[in-house]
Amino acid sequence: MLFTVFVCCLALYVACNLGANDVANSMGTSVGSKAITLKQAIVIAGVLEFTGAVLFGRQVSSTLATSIANPDLFASQPNTLLLGMIAVLISCGLWLQIATTKNLPVASSHAVVGAIAGFSWVAAGTQAVEWSALGTISLAWVLTPIVSGTVAAGSYLLIKRWILEPAQPLIQLAQWIPWLSLILVSVFGVIVLPTVVEILPSDFLPDVPRHDFSLGLGGIAALSITLLGWRRLNNEIAVKSAEVQAVVERQLARFQLLSACCVAFAHGSNDVGNAIAPLATILYIQRTGTVPQSSLEIPLWVLVLGGVGIVVGLAIWGKQVIATIGEGIIKLEPSSGFAAELATAATVLIASSQGLPVSTSHALVGAVVGVGAVKNWRSLSLDTLKSIGLAWIITIPIATALSAGIFILLRACFSYSLLT
């Protein structure tokens with residue numbers, strides 16, 4: 001019992017540092033564009049991060065638990081894998097805390113994947129690492145900022161061409177509100193809603209096919225956002241010509257807030273696995289005395305623990321990193337912030353649905369750079385980008401070395417009696 005409490009505390013420590021470091025991924029652009037305040041960002045992100053972790057976090061957690069370290073090589077020595085996962089939790093928590101104190105939005109997925117590979121290599125040699133799975137994950141890391149940046153640039157070009165630049169932007173915005181609502185709802189509804197509806201108990205749903213229920217919810221949401229947008233825009237339709245652009249940006253700020261909510265949900269769904277996958281593996285070994293193979297069912301209470309940790313971390317330390325992404329790379333308005341967050345949410349949610357542990361910070365930085373390239377690429381802060389890029393690069397070797405060193409220390413200090 002004492003051991004279980006100990007490893008749960010370690011996982012909570014990692015989750016807290018995830019929340020502290022990665023809150024910028026979901027709310028940094030909204031705060032940077034002044035769409036919401038810092039306090040509002042922390043409250044909104046807390047609710048959505050927790051929801052995403054609990055409802056949509058199983059796939060990525062299972063991938064991290066079973067696809068990086070070769071389970072066949074640890075089948076005869078489950079305690080070695082158990083000690084290794086403890087080393088992963090300690091090394092990732094330490095590195096994320098250090099990065100947060102330096103205001104650097106590092107990639108937590110880099111830390112966890114590197115840490116798992118590091119202890120596995122030391123424990124059982126190079127064959128203990130599933131290199132094919134590692135290659136797939138690494139490819140996803142490379143593609144994430146490219147895809148997100150491309151989508152963000154395209155979205156902002158569309159907004160700029162059809163809403164911001166015409167002679168009557170308010171009229172243009174009124175015509176585009178239904179389409180913006182549909183795009184926003186589709187990003188969330190098509191990727192997430194069917195999965196969430198599938199796991200809900202039948203008692204919570206009306207007597208209709210679950211697919212039809214998902215479509216109905218999406219349609220109601222899109223219609224509601226459209227009607228609310230038209231209503232608020234109608235209240236300002238007679239504004240002076242000199243204030244038209246400000247009104248347009250103010251209306252788009254509401255769409256940006258909704259897109260930020262999608263990013264918060266996406267981040268919770270993908271990054272919670274970085275904290276709870278090692279914990280779920282440890283608990284499975286402790287309970288069964290065997291190593292999980294091709295998949296691992298993540299208990300609901302473990303997902304809840306990870307979600308709580310993320311919320312606590314972002315509430316206490318989250319403001320440290322927000323300014324780096326929200327204001328440090330390029331100045332954002334709600335229109336450009338909406339495009340960046342929409343692209344980020346879509347990219348990360350697709351990855352989560354496929355069980356790929358991508359980096360939300362990769363996606364958002366790529367999206368911000370994509371928007372910046374359309375706005376004015378000369379305004380991009382190359383110094384900030386270099387700092388972020390360096391933090392991404394050094395995270396993998398640091399986490400790998402930390403995990404390997406801590407594993408060697410744990411193996412030397414403890415006899416293999418943790419299962420008894």
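The values are calculated or read from the model by the stated rules, or taken from the named source; none is laboratory data. Computed from a predicted structure; not experimentally measured. For neighbour counting, all protein chains shown are included, and Cβ atoms are generated from backbone atoms with ideal geometry for every residue, glycine included. The area values use the complete protein model at the heavy-atom level, side chains included, leaving out ligands, DNA and RNA. Shrake-Rupley method; radii C 1.70, N 1.55, O 1.52, S 1.80 Å.
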Dipole in debye (nearest 20) - the chain, about Cα centre, beta carbon charges: Lys, Arg +1; Asp, Glu -1: 820 debye
Estimated distance in nm for a label pair at residue 250 and residue 6, the labels positioned 7 Å out from Cα along Cα-to-Cβ: 5.9 nm
Dimensions in Å of the chain - Rg and Dmax from alpha carbons: 22.0, 76
Theoretical FRET efficiency, 1/(1+(r/R0)^6), r = Cβ-Cβ of residue 162 and residue 220, R0 30 Å, to 0.05: 0.70
Charge context of residue 51, other residues only, Cβ under 14 angstrom, K/R +1, D/E -1: -1
Protein accessible area in the chain, 1.4 Å probe - carbon and sulfur %: 67 percent
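Using only the Cα atoms of the stretch 352-420, build the gyration tensor, take square roots of its eigenvalues as a ≥ b ≥ c, and label the shape rounded, prolate or oblate: rounded if a/c is under 1.5, else prolate if a/b is larger than b/c, else oblate.
Numbers: a/c = 7.00, a/b = 2.43, b/c = 2.88.
Here the stretch 352-420 falls in the oblate category.
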Stretchable slack from residue 75 to residue 190, in nm (0.36 nm times residue separation minus alpha-carbon distance): 37.5 nm
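Rank these residues by their accessible area, most exposed first, probe 1.4 Å: 161, 378, 58.
Highest to lowest solvent-accessible surface, that is 378, 161, 58.
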FRET efficiency estimate (nearest 0.05) - Cβ-Cβ, residue 171 to residue 301, R0 45 angstrom: 0.30
Global form of the stretch 94-165, assessed from the alpha-carbon gyration tensor, a/c cut-off 1.5: oblate
Ranking by accessible area, most exposed first, for 49, 165 with a 1.4 Å probe: 165, 49
Label-point separation, residue 386 to residue 47 (7 Å along Cα→Cβ), nm: 4.2 nm
Linear extension gain, residue 331 paired with residue 288, 0.36 nm per residue minus alpha-carbon span: 10.2 nm
